[in-house]
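What follows is calculated from the coordinates using simple rules that are stated; it is not laboratory data. Worth saying up front: this structure is predicted, and the values here are computed from it rather than measured. No Cβ is skipped: glycine too gets one built from the backbone with ideal geometry, and neighbour counts run over all protein chains shown.
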Amino acid sequence: MIKEALKTLFLIVVMYYAFLFEMSFLPFFTFFSFLILFVVLINILEEPCGRIGLFSAFFLGLLMDIYSTHYIGLMAIGFLLLSLLLKLILSRYVRVGSLGWLPKI
């Protein structure tokens, strides 16, 4: 329980700094968001039944909604749907045994 809480707290801090980096140094890359890549990486490294990827997708989506001109919750729902789709694909269709060397989140 405490290990999961520390892992979540660490990810919140890392996601916040990744968000600040993207919003301050990369505002002109409107065609690609590195935070989407971050969410995809977390969901790939996590176990398919884990919830950290869903939490991180929703949290990063809310952070992006605060600084965007769109409706509040649009990016949060989009990132959450992306995370759910990745979890569905990874749990049902992907069986790769060679990814065992990657660290699990």
- So how long is each side of the chain along the principal axes, counting just the alpha-carbon atoms, biggest first, in Å? 41, 31, 22
- For the chain, what is the relative contact order in percent, using Cα pairs closer than 8 Å and at least 6 residues apart in sequence? 27 percent
- So for SER83, SER24, fewest C-beta neighbours within 10 Å to most, what's the order? SER24, SER83
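Suppose a student asked you for the relative contact order of region 46-92, using Cα pairs under 8 Å spaced at least 6 residues apart; what percent would you report?
Details: 44 pairs, mean separation 19.2, N = 47.
About 41 percent, as a whole number.
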- Message: Whole percent per 10 Å bin, from 0 to the bin with the longest distance: what is P(r) over all C-alpha pairs of region 7-46?
- Response: 28, 53, 19, 1
- Query: At 222 nm, what helix-only mean residue ellipticity would the chain give, in deg cm²/dmol to the nearest 500, using -39500 (n - 2.57) for each DSSP H run of four or more?
  - Reply: -22500 deg cm²/dmol
- Residues VAL94 and THR8, FRET efficiency given R0 of 22 Å [Cβ-Cβ distance, rounded to 0.05]: 0.35
- Task: Determine the gain in length on full extension of the stretch LEU37-PHE21; use 0.36 nm per residue of separation and subtract their C-alpha separation, reporting nm with one decimal.
- Result: 4.4 nm
- Message: Counting just the Cα atoms, what span does region 46-92 cover along each of its three principal axes? Round to the nearest Å and put the largest first.
- Response: 36, 15, 9
- Note on the structure: Treating only Lys and Arg (+1) and Asp and Glu (-1) as charged, each at its beta carbon, one finds that the chain has a dipole about its Cα centre, in Debye to the nearest 20, of 360 debye
